[in-house]
1. Report residue 61's accessible area, 1.4 Å probe, all protein chains in place, as a number in Å² to the nearest 10.
2. According to a simple spin-label model (label point 7 Å from Cα along Cα-to-Cβ), what is the distance in nm between residue 2 and residue 149?
3. Please say if region 56-133 is rounded, prolate or oblate, where rounded means a/c under 1.5 for a ≥ b ≥ c the square roots of the C-alpha gyration tensor eigenvalues, and otherwise the choice is prolate for a/b larger than b/c and oblate otherwise?
4. On full extension of the chain, what length is gained from residue 68 through residue 13, given 0.36 nm per residue of separation minus the C-alpha to C-alpha distance?
Amino acid sequence: MRTILIAAASLLLLAGCKREQRVFDPGAAGSQIADGVALNDIHAGGSVAPPSGTKYQQSAYAVSEGKRLYVAYNCSGCHQHGGGGIGPALMDAEWIYGSRPEQIYSDIVQGRPNGMPSFGGKIPDYQVWELVGYVRSLSGQLPSDVAPSRSDEMPVAKAEQARQKEHPADEYPQKIQKAHP
């Protein structure tokens, strides 16, 4: 009787555990080249779905991949490790083009005047969303259980997990054009 009770309790505990789902291969649909958001209602084919990267901001694996891509695509060359340099800082509350995920996605894919290159047509959509998740973690906008830990090469920097949440005011909000069905 005791072993049955222990086995039942073990099964209940295991059933209650939620494991993060990791997407190692997003498949054909997820690995399409990112080509930006629709700027007008005129386009060929069916309606264009607005970009959505919610699942990438809820996954610690995706955000850590975004951190790796941030270095691999040399984002740190302009933005340093979030503190700014040639490009604007990503660790504070002053965001020029907005801090919402769709706005950051648009910044990466379409580029911005005076220096930010367009990565549209060059990297897959899912990698853009992983970068968006990491960029948001730099200013503490993601939960600490999702944000990556401190980089080993930067021992004096505060880990993304430990940063206070910044509240970007979206002083210059960027319009997001949504597709109309």
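1. Residue 61 has an accessible surface of roughly 50 Å² with all protein chains in place.
2. Taking the simple label geometry, residue 149 and residue 2 are separated by 3.8 nm.
3. Rounded shape, in that the Cα axes give a/c under 1.5.
4. Details: separation 55, 0.36 × 55 = 19.80 nm, distance 3.41 nm.
Here the segment from residue 68 to residue 13 would lengthen by 16.4 nm.
The values are calculated or read from the model by the stated rules, or taken from the named source; none is laboratory data. Note that this is a predicted model, so its numbers are computed, not measured. Note that we place each Cβ from the backbone using ideal geometry, even for glycine, and neighbour counts take in every protein chain shown. To get the accessible areas, we keep the full protein, side chains included, count just its heavy atoms, and leave off ligands, DNA and RNA. Shrake-Rupley method; radii C 1.70, N 1.55, O 1.52, S 1.80 Å.
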